[in-house]
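What follows is a single structure, written as structure tokens, with notes after it.
The values are calculated or read from the model by the stated rules, or taken from the named source; none is laboratory data. The model shown is predicted, which means the values in this text are computed figures rather than measured ones. So basically every Cβ, Gly included, is an ideal-geometry build from the backbone, and we count neighbours across all protein chains shown.
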Amino acid sequence: MCNEKDPQRGWLQFLILRVVCETPSYGYEIIKKIEEMSHGRHSIKTGTMYTTLRRMENSGLLSSMWEKNQDAPDKRIYEPTAKGEEFLKKWFENLIESRSIIDSMIEFYNNKFGGR
């Protein structure tokens, strides 16, 4: 899950599912919602987003449909499948189970490096 160049990368599928479970969305909208959730600290490159969306759709986590627009380009709207919702649920369960160790690591960081 850890990537030295981009530590959040392992979380991208989780974040995408989190966004589309709330509201089915198109790629650029998902990017903006992730930026909002992170208060602008994390931005996802467009190419990375669409590659990940395609991969998630091919693995059955997402489905998509085209939204026709008369005055603008058509948009592909993504929503979670039942498999995607189950994947997200398991992510949350693992996150909750890991919370105490994460809290311990944050406490260590704050003590060792002075925190933020």
Looking at Lys33, Lys45, can you tell me which residue is modelled with pLDDT under 95 and charged (D, E, K, R)?
Lys45
Of the conditions (1) surrounded by 10 or more Cβ atoms within 10 Å (Cβ to Cβ); (2) out of contact with any Leu (no Cβ under 7 Å at 6 or more places or on another chain); (3) of a type in the set (Val, Ile, Thr), the single one that Ile96 does not satisfy is (1)
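Could you please let me know if Trp66 is modelled with pLDDT of 95 or more, in contact with a Lys or Arg (Cβ under 9 Å, 6 or more places away or on another chain) and of a type in the set (Phe, Trp, Tyr)? Spell out how you get there, then give the answer.
Values: modelled with pLDDT of 95 or more: yes; in contact with a Lys or Arg (Cβ under 9 Å, 6 or more places away or on another chain): yes; of a type in the set (Phe, Trp, Tyr): yes.
Considered against the rule, which asks whether it is modelled with pLDDT of 95 or more, in contact with a Lys or Arg (Cβ under 9 Å, 6 or more places away or on another chain) and of a type in the set (Phe, Trp, Tyr), Trp66 comes out as yes.
Conditions (1) modelled with pLDDT under 95; (2) aliphatic (A, V, I, L, M), marked per residue:
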| site | (1), (2) |
| --- | --- |
| Cys2 | yes, no |
| Gln13 | yes, no |
| Cys21 | no, no |
| Leu53 | no, yes |
| Leu62 | no, yes |
| Pro80 | no, no |
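Confirm whether Glu93 is over 13 Å from the mean Cα position of the chain (by Cα), part of a helix (DSSP H, G or I) and without any contact (Cβ under 8 Å) to a residue 24 or more places away in the chain. Talk me through it step by step, then tell me what you get.
Values: over 13 Å from the mean Cα position of the chain (by Cα): yes; part of a helix (DSSP H, G or I): yes; without any contact (Cβ under 8 Å) to a residue 24 or more places away in the chain: yes.
Taking the combined requirement at face value, the residue satisfies it.
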Considering (1) in a helix (DSSP H, G or I); (2) under 17 Å from the mean Cα position of the chain (by Cα); (3) among the basic types (Lys, Arg), say which one Arg41 fails and leave the rest.
(1)
Could you check, for the stretch 107-116, whether at least one of its residues is on the phi < 0 side of the Ramachandran plot and not in a helix (DSSP H, G or I)?
yes
What's the number of the condition Thr51 fails, among (1) in a helix (DSSP H, G or I); (2) touching a helix residue (DSSP H, G or I) at 6+ places or on another chain (Cβ under 7 Å); (3) not aliphatic (A, V, I, L, M)?
(2)
What pairs come out if I take residues in the stretch 49-71 that are among the basic types (Lys, Arg) and pair them with residues that are at pLDDT below 95 whose C-beta lies under 6 Å away, six or more apart or interchain?
Lys68/Asp74
